[in-house]
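Trainee: Dropping a structure here in structure tokens format, bear with me for questions.
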Amino acid sequence: MKKGEKSTVETTVKDASASKKTFKNTEASGAKKNVKDIKFWGNGDAFKLISKAHSENEGWMKSTKAMQVGRKGCVVQVTTQQGNNVAEAVVWIPGVSIQEDRDVEGNVVSRTLI
């Protein structure tokens, strides 16, 4: 690299920090409305949101998502994001399932691992 040139990594990080992130999405259908250039391959809702907290003003987000694997258990993913820093953990929990709570109109209002 020549003196004064930026590396690809530096350019990518700078570009990522310049973009505004959408933290309020909870399902693929909402993400399609809020993120105009989103693309899915496969089931965009394979992982179900269990819980989420975020602040767009402070630029942070924490979420827990789970993917049911038949009747055998769930893969659980925990994500913490602060600005452009992201940390994730994934674990297999045998014998649990996702319980959905619905309102009177049938909309999912919360999920719990049981």
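Trainee: If I model a spin label at VAL96 and LYS62 as a point 7 Å from the Cα along the Cα→Cβ vector, what separation in nanometres do I get?
Mentor: In this crude label model, VAL96 to LYS62 measures out at 1.6 nm.
Trainee: With +1 assigned to the C-beta of every Lys and Arg and -1 to the C-beta of every Asp and Glu, and no other charges, what is the dipole magnitude of region 27-112 about the Cα centre in debye, to the nearest 20?
Mentor: 280
No value in this document is a laboratory result; all are computed from the given coordinates. None of these values were measured; they are calculated from a predicted model. Positions of Cβ are backbone-derived with ideal geometry, glycine not excepted, and every protein chain shown enters the neighbour counts.
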